[in-house]
Structure formats: C-alpha cells, structure tokens
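Have a look at the structure below, then the notes.
Values quoted throughout were computed directly from the atomic coordinates according to the rules given, and no laboratory measurement underlies them. Computed from a predicted model, the values in this text were never measured in an experiment. Cβ placement follows ideal geometry from the backbone for every residue including glycine, while neighbour counts extend to all protein chains displayed.
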Ligand code: DUC
Ligand code: ZN
Ligand code: ZN
Ligand code: ZN
C-alpha cells in the first residue's frame, strides 16, 4: 500500500475553508490530500464528521516540579489522556524557575518528565529570578535547546517580577530571538486589596475575585505592552479575561506593536456566581484572572471576532477539590489568599469553544480551527508542522461530530483531578477520534497511546516574533541580530 493510513470522506476544515476530501498519511505525516485515496494499509471512514487539525494548547501547566520536591497532580501521562480525549495533540507547558535557583537543571528534569507522556510538547521557560548567571549563561543554553519563549508573572508570590526585572527579560529575549509571554495583573494592588478584604473578615473563595478586579488586569496589561514597546520586544498577553485589558492590546496592535492576546474557555463560561457557590465549593472555580460576568463574556467574544484575541488555550492548572495536594492543601477552610489558583480544562477546551462558539453562531468553523490550533502553532513557531492540515504537516487530526450532544462530567475529562468546573454543562459537538502523527490515540473516548511516545518539539528562530526594529528616538542600545 502507498499509504499507512487514509482518513476518508470527512469534511476537512483547514481554517481557511472546508472541503470534502481524503487525507493520506505516511510515516506520521500528511503526504496527500485528494478526492479519493484507496491505496492505504488502513482506512478510517469519516463520513458525516469534520476533520480538524489536532488542537494545540499553548498554555497549560503539567507536572510542574515544586521547590519542596513534589509536582502538581497532573502528570504528563494523565495530561496526555485528557488532551487526547478532547482532541488536542500538542502542548506548550512550563519549566519552572524558583527564586535562588537556576534553570538548566530544571530544564533537564522537565524534559525527562515530559518524555514519559504521549503528547508532543514544547516549553515556555518561566523566569522568576533574572540574575546575571541565569540570564547570561543558563537561559541562552535553554533557548539553544529549542525553548523559544520566556514566561513572566507580573504578580504572584514568589514568581512576580518588578519592572526592572521584566525589562531585563524582555531585552534578553530580544537578543536571543524569543517570544515573551506575560501574566498581567498588578502585584501591589492585589496585595493591598487582599489585606483589606481579610482585615474586614471577607475571606471566602468569592473574595479572590474581589481582590483582583478588571482594573488591576488592565493596568498591568498596559504596562506590560508599554515596556515591551520601549525595548521593541514582541509579547503575548496570557489569559485576557476582560474587555478593558483587551482594549489595551487592540490599541497597541493598531499602532503596529507586536502584541498578541490569548483568552481561555473559563472567561466565556464561568462567572462570579460560580466562585460564590456555598461553603468551600467556590474554590473549584478559583483561577487568575478571576471569572467575570455574562456581560464580560459577550465582550470577550467580540474581541475574539475582531481578532484582538487570536488564541484560545486552556491554562489547565489542576488541583483536586479533596485531598492534601489540592485546593485544601492549606486547610479545609483556608482563606482565599491561601487556596491554590487554577482550574482543569484540557479536555473541555475544544468542546466548549466549538459549542459556545460555532454551534451557537458566535464564530465560524474557520475561526474555531485558527483560534484553537493554527494560531497558537504559528505564534509558537510550531507551524506548519503543527496546527495545519497540509501536505508535509504531522498527521495530527481530530475527527469531530458536530451534532453530538454531550453533558460534561469529570469522568469524560480523563485528567488526574477529582472535579471539572464544567460539570453538567451541555455541549454540541464532540471529538470521536484523535490521531497523533498518524496513530489513532483516542477513539470513542478510549485513549490508547503508549506512555513515552510524546515528542519534544524544539523551536528554532522564526519570523513572526522578529522585533520590528522600531525604538523611541531610534536609540537601540542592543540591536537584534540582523539575519536569523
Ligand atoms: N492562573 C495562572 O496564571 N496560572 C495558573 C493558574 C491560574 O489560575
Ligand atoms: Zn516577591
Ligand atoms: Zn498566568
Ligand atoms: Zn497559567
């Protein structure tokens, strides 16, 4: 047979139009797209299904080692199952850095952890302590390995950077040809409000949201962009939750600044009412930025349609509700400040965005494919190998039943933790099979991939994130290399 696999008769959605055709796969890659492919060792009939490029989740937290020696509950094996269950085939996750420590050792350790999973993976390097030794010696080494993005937090103890430290990361990223991804919330403002809320006895989970209203996100978004503009370094603003932050991105984009905006399913579905559920239950919905309102969801959809927000990732960061590694790790009734932030979302991401977006008529099928696969792959330098259905690309596909109605449950999510914030939500549209490099890794909810088969995706320099060469007054103390 000429092909290892043929996917036949599906509606192939490329992000730039949909056509009924067959896909021929050989050695893990797409080698033919044709009206009819017969000469294959194996065929999958996809009549009535959409054939999508496998989802690319460019922001997710998996098995991040903790300074104390543990790691968060989601391992690469469980994360892979959850991702495949939801039609996602590639991820970009985070190598931590702890203050007082370097990054090289963490990189080596994290590569080994990731190699035990089934997902194709790349990394962002978190920078929480940009010392001379880290920035001049270790970071260049990690980047040379293919880790082409640095992640910074403008809030969070103990990760946050001040403006001088952030500038140092930006200038080093520019020199090395990396993207910088940024968590934008104002550290001092959140600390001040948190202290005041607790002083007034307002300690329940819902006050997590009160401690970080949209204005603190808008301020930090503006500042993150302004400093990036000052040094001419491209950035992506992570998890935009409100229109006022998105407007800062839109204004900068309109002046030509290279800034991209990401949002997540939680910012078009969860609300302050969820985080205000009785007792400790609200902890299940606690993430940063915090869930907003229905009105805000509508504004986020509008910013998606305008293209201001062009990537939707999960920010999967999972803690169980029960147990001593989860939401109650600092006590069964911890004050909001001491409850770990983050919600699981690997498997829910594509179904929620398809259902709320495409099925409800808010975005087109092309938009969906670009937002969840093509755009993150392009921005992270993984395209055209990932994020596209094209000859030469990896054969990563999600076979999607656009009419299937499913009620979300924790069991369907296949992640490591004991709850989903989307329990009981009805969706229309569901992945019936996931194919990773030509191998069927999920079929009808059954994940069937061997641990250790996920591949590291090194990322070389790429044009999209090249600095513009525009600085105030033309003063550029360290021009980036001219040719990459
Ligand atoms: N917010 C983040 O920024 N990271 C992980 C968890 C969360 O809620
Ligand atoms: Zn600090
Ligand atoms: Zn973040
Ligand atoms: Zn995150």
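Summary of computed values
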{"quantity": "The stretch 72-102 and the stretch 302-341: distance between their alpha carbon centers, rounded to Å", "calculated": "14 Å"}
{"quantity": "The stretch 99-202 - Debye-derived log10 I(q)/I(0), Cα point model, q = 0.11, 0.13, 0.17 Å⁻¹", "calculated": "-0.41, -0.54, -0.80"}
{"quantity": "Shape category assigned to the stretch 369-452 from the gyration tensor of Cα positions, a/c cut at 1.5", "calculated": "prolate"}
{"quantity": "Peptide ranges 282-295, 398-411, 52-65, 320-333 listed from the most packed, as the mean C-beta count within 10 angstrom indicates", "calculated": "52-65, 282-295, 398-411, 320-333"}
{"quantity": "Global geometry of the stretch 125-259, whether rounded, prolate or oblate, following the gyration tensor of its Cα atoms and the 1.5 cut on a/c", "calculated": "oblate"}
{"quantity": "Proxy reagent accessibility, fewest Cβ within 10 Å first, across 242, 21", "calculated": "21, 242"}
{"quantity": "Share antiparallel - DSSP beta bridges, the stretch 1-146, percent rounded to 5", "calculated": "45 percent"}
{"quantity": "Relative contact order %, the stretch 114-238, counting alpha carbon pairs below 8 Å whose residues are six or more apart", "calculated": "25 percent"}
{"quantity": "Gain on full stretching of the segment that runs from residue 471 to residue 329 - 0.36 nm per residue minus C-alpha separation", "calculated": "46.5 nm"}
{"quantity": "Between the stretch 447-480 and the stretch 374-389, the alpha-carbon center distance in angstrom", "calculated": "12 Å"}
{"quantity": "Fewest-first ranking of 268, 215, using other Cβ atoms within 10 Å as the exposure measure", "calculated": "215, 268"}
{"quantity": "Gyration tensor (alpha-carbon) shape descriptor, the stretch 289-424, a/c threshold 1.5", "calculated": "prolate"}
{"quantity": "The chain, helix-only ellipticity at 222 nm - DSSP H runs n ≥ 4, -39,500 (n - 2.57), divided by all residues, nearest 500", "calculated": "-7000 deg cm²/dmol"}
{"quantity": "Ranked packing of 449-456, 466-473, most packed first, by mean Cβ within 10 Å", "calculated": "449-456, 466-473"}
{"quantity": "Length-normalised contact order for the stretch 401-484 - Cα pairs under 8 Å, 6+ apart - percent", "calculated": "19 percent"}
{"quantity": "Value of relative contact order over the stretch 360-418, rounded to a whole percent, pairs C-alpha under 8 Å and six or more apart", "calculated": "16 percent"}
{"quantity": "Inter-centroid distance (Cα atoms) of the stretch 1-63 relative to the stretch 219-269, Å", "calculated": "34 Å"}
{"quantity": "Distance histogram in 10 Å bins (all Cα pairs of the stretch 221-279, percent per bin)", "calculated": "22, 44, 21, 11, 3"}
{"quantity": "DSSP bridge pairs, the chain: antiparallel proportion in percent, nearest 5", "calculated": "45 percent"}
{"quantity": "Cβ-based exposure ranking for 301, 192, in which fewest neighbours within 10 Å come first", "calculated": "192, 301"}
